[in-house]
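One structure is given below, encoded as structure tokens.
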Amino acid sequence: MNSTPNVPQPHNEPVLSYAPGTPERATVQEELKRVWQDEIEIPVIVGGKEVRTGDTYQVVSPHDHGHTLATVHSADAATVAAAAAAAVEAQREWGSWSFVDRAAVFLKAADLLAGPWRQLINASTMAGQSKTVYQAEIDAAAEMIDFLKFNVHYAEQIYGMQPDAGPGVWNRMEYRPLEGFIWAISPFNFTSIGGNLCSAPALMGTTAVWKPSHTSTLSNYHLFRLFEEAGLPPGVINFVPGNPVMMTDVLFAEERMAGIHFTGSTAVFQSLWQKLAANLDRYRSYPRIVGETGGKDFIVAHPSADVAALTVAMVRGSYEYQGQKCSAASRCYVPKSMWPELRERLVAMIGDIRMGDPADFSNFMAAVIDRKSYTKITGYIEEAKADPGIEIVAGGGASDEVGYFIEPTLLRADDPHARVICEEIFGPVLSVYVYPDDSWSETLTLVDTTSPYALTGAVFAQDRAALIEAKRALRYAAGNFYLNDKPSGAVVGQQPFGGARASGTNDKAGSPLNLLRWVSPQTIKETFVPPIDYRYPHMRAE
Ligand code: NAD
């Protein structure tokens, strides 16, 4: 290749409005009907070939759990081992492709998603993961497109990072792909996370075995087919739904296990890390471990905060996508003087929220993902109802008759260490602690020390000194920190996302920091005229 091409400058994908009368509203509604009616069969895909094991599970709609959307073949141990072999084999060819060719595949995928595939991926996310059209659009379409385009741009920057050279010498850095495959394990809550976990390492020349979450298999499968349509060669990403524990055992026995790219709960990530460490002597290289995990994200309001803005941030930040965003606010600290007015505003706003089937576009919320989540979340609510130290300020109701619906729920706890303030609930439940106005500094310490997590957090204050103090006190309490804004809604290319402490390795998805984890740099020094005498000048006679 006799050129150094520049990749196209990425711009964030515009988020479509789906307002009445717009063309996108009509097309997504049509696609949603189709996705709803066509129950599909999803095979395992290994080395580009479909495998039907006959051991299946159903994808049902969370807002209508009697309705099956897909039947999925679950990989057996032999198929998982075959996927690892296919990934290793595919890397020989894929790892030698030029960056331009690899990048072109993913840029084409971005354009397919922005155009003809957009509403299939959105509709399957709405039906299968119970997202409203707006929540599907910002995730499955916009964020996924951004991941693909910005990652190409960041990869170009990484490849451009080259060392200095001395006289007669040319030093170069060759950013080799890792020697092996990545196991990408994705969560249910973002279609785009699944797509990014497998495609980011693949962009850097490594291959992947991708295990989607059971409950997001439908949208993830269509996304995989989109990658194929964009020209991704067989075996570069292998789509392998299956039992995660069995898969762990099979894949962790592989010499070429080069890394895990995980997003999900903290407990699962910790168990994976421990298992991987126990197998360390098997591997050709030390596997890379990248994991974005749980959170107990906070909003802390100073007495100078704007109450109207705070109310909206609390409602949007806590209840959008039923509180199932890793970044969703789930604990809030409010000064006593502000609480009566804030309480009144919150109760009115929460009372106005419509919840139901995402096919009805007037709904702001839909169902939580499955029975397990429903049981867990309602368990916390029931415990709160029985606790005399906790007031149910709004919501508290739930029904699993048709779908897994839980009302947006606002709790106020007397004890700042109540379970609902400390533990990740991952549902539409926000717990408030009301603090004395003169305890701002003490409250910041409380925010910092209450939970083991450190994913997102927000501070609301008009007083600059209060913001400065909060920034200092909460430096390690959040990987994504917001001033006078809700703690969710990070945009690729604008707010690189990830948290530390128990929230993950903080490698910031959709940034160069993440892509760096999937390369193994080789330093090359070339000397043009090498010395031919071993002696140094100081050794000459006087
Ligand atoms: P989860 O941990 O239940 O599942 C995540 C993935 O791990 C799924 O594919 C699942 O099948 C797999 N898995 C489950 N048990 C496993 C095991 N023993 N070994 C290997 N893999 C296993 O999480 P979830 O319910 O899908 O997602 C919600 C969680 O993800 C929340 O804790 C949330 O905070 C977190 N999350 C974090 C971020 C972030 O960026 N920090 C983003 C999204 C979600």
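In vacuo Debye scattering of segment 280-325, one point per C-alpha: log10 I(q)/I(0) at q = 0.24 Å⁻¹?
-0.94
So if I restrict to the alpha-carbon atoms in the chain, what is the Rg, and what is Dmax, the biggest pairwise distance, in Å?
In order Rg, Dmax, the Cα atoms of the chain give 25.1, 98 Å.
At q = 0.08, 0.09, 0.18 Å⁻¹, what is the base-10 log of I(q)/I(0) for segment 297-483 according to the Debye formula with one equal point scatterer per Cα and no solvent? Please give it to two decimals.
Here the Debye-derived log intensity ratios amount to -0.23, -0.30, -1.19.
What distance in nm separates the two pseudo spin-label positions at residue 361 and residue 68, each 7 Å out from Cα along the beta-carbon direction?
For residue 361 paired with residue 68, the spin-label model returns 3.2 nm.
Per residue, how big is the convex hull of segment 1-51 when only Cα atoms are used? Give it in Å³.
Numbers: hull volume 8.9 nm³, N = 51.
Looking at segment 1-51, the number lands at 175 Å³ per residue.
Just for the chain, what percent of DSSP beta bridges are antiparallel, to the closest 5? Spell out each step's value before the answer.
Working: 29 of 73 bridges.
Roughly 40 percent of the DSSP beta bridges within the chain come out antiparallel.
Over the alpha-carbon set of segment 453-496, work out the extent along each principal axis and list the three values in angstrom, largest first.
Projected onto the principal axes, the Cα atoms of segment 453-496 cover 30, 21, 14 Å.
For an R0 of 22 angstrom, estimate the FRET efficiency from the Cβ-Cβ distance between residue 26 and residue 354 and round to the nearest 0.05. Please report the intermediate quantities before stating the final value.
Details: r = 21 Å, r/R0 = 0.98.
Computed FRET efficiency for residue 26 and residue 354: 0.55.
Put +1 on the Cβ of every Lys and Arg and -1 on every Asp and Glu Cβ in segment 297-483; which of 470, 301, 318 then has its Cα farthest towards the positive end of the dipole?
Projecting each Cα onto the dipole axis, the largest value belongs to 470.
What spacing in nm lies between the two simple spin-label points modelled at residue 55 and residue 485, each 7 Å away from Cα in the Cβ direction?
Placing both labels 7 Å beyond Cα along the Cβ direction yields 4.6 nm.
To the nearest 0.05, how large is the calculated FRET efficiency for residue 339 and residue 176 if R₀ is 56 Å and r is the Cβ-Cβ distance? Provide the component values of the computation, followed by the final result.
On the way: r = 57 Å, r/R0 = 1.02.
Result of the calculation: an efficiency of 0.45.
With both bridge residues required to lie in segment 1-118, what share of the DSSP beta bridges run antiparallel, to the nearest 5%?
Values: 9 of 12 bridges.
Around 75 percent antiparallel, to the nearest 5.
Please work out whether segment 224-298 counts as rounded, prolate or oblate from its C-alpha gyration tensor, where a ≥ b ≥ c are the square roots of the eigenvalues and a/c under 1.5 means rounded, while otherwise a/b larger than b/c means prolate and anything else oblate? Intermediate values should be presented prior to the final figure.
Details: a/c = 2.00, a/b = 1.18, b/c = 1.69.
Oblate, since a/c reaches 1.5 and b/c is not below a/b.
Which length gain, in nm to one decimal place, applies between residue 37 and residue 392 when the Cα-Cα distance is subtracted from 0.36 nm times their residue separation? Could the numbers behind the result be given before it?
On the way: separation 355, 0.36 × 355 = 127.80 nm, distance 3.95 nm.
The residue 37-residue 392 span can extend by a further 123.8 nm.
Please compute one quarter of the surface area of the Cα convex hull for segment 162-224 and express it in square nanometres. Each step should come with its number before you reach the end.
On the way: hull surface 21.5 nm².
Answer in nm², one decimal: 5.4.
Once the piece of chain linking residue 347 and residue 225 is laid out straight, how much longer is it, given 0.36 nm per residue of separation minus the C-alpha distance between them? Working shown, then result.
On the way: separation 122, 0.36 × 122 = 43.92 nm, distance 4.42 nm.
In short, 39.5 nm is gained.
Based solely on its DSSP helices, what 222 nm [θ] is calculated for the chain when runs of n ≥ 4 H residues each add -39,500 (n - 2.57) and the sum is averaged over all residues, nearest 500 deg cm²/dmol? If you can, show how the numbers build up before the last one.
Values: 17 runs with 201 residues, N = 542.
Helix contribution divided over all residues of the chain: -11500 deg cm²/dmol.
So what is the accessible area of the chain per residue, in Å², with the probe set to 1.4 Å? All intermediate terms of the calculation are to be shown ahead of the outcome.
Details: 22450 Å² over 542 residues.
Accessible area per residue, the chain: 41 Å².
Ranked highest first by the average count of other Cβ atoms within 10 Å around their residues, in what order do 25-34, 291-300, 72-81, 436-445 fall? Intermediate values should be presented prior to the final figure.
Values: 25-34: 16.4, 291-300: 26.9, 72-81: 20.1, 436-445: 14.8.
Peptide ranking by packing, descending: 291-300, 72-81, 25-34, 436-445.
Apply the Debye scattering formula to segment 469-517, with a single equal point scatterer on each alpha-carbon and no solvent, then give log10 I(q)/I(0) at q = 0.15, 0.23 Å⁻¹.
-0.42, -0.91
May I ask you to give the percent of accessible area on the chain that is carbon plus sulfur, with a probe radius of 1.4 Å?
Numbers: 11820 of 22450 Å².
Reported share for carbon and sulfur atoms: 53 percent.
Whole Å is fine, so just give me how far the alpha carbon centre of segment 85-142 lies from that of segment 438-473.
Distance between centres, Cα-based: 38 Å.
Please find the FRET efficiency linking residue 253 to residue 534, where r is the Cβ-Cβ separation and R0 is fixed at 60 Å, and quote it to the nearest 0.05. It would help to have the intermediate numbers written out before the result.
Details: r = 49 Å, r/R0 = 0.81.
Calculated value: 0.75.
State the antiparallel share, in %, of DSSP beta bridges confined to segment 297-483, rounding to the nearest 5. Display every interim value, and only then the final one.
Numbers: 6 of 28 bridges.
Around 20 percent of the beta bridges assigned by DSSP in segment 297-483 are antiparallel ones.
The values are calculated or read from the model by the stated rules, or taken from the named source; none is laboratory data. Please read these numbers as outputs of a predicted model, since none were measured by experiment. All Cβ positions, glycine included, derive from the backbone under ideal geometry; neighbour counts span all protein chains shown. When the accessible area is computed, the model is the full protein with side chains, heavy atoms only, and any ligands, DNA or RNA have been set aside. Shrake-Rupley method; radii C 1.70, N 1.55, O 1.52, S 1.80 Å.
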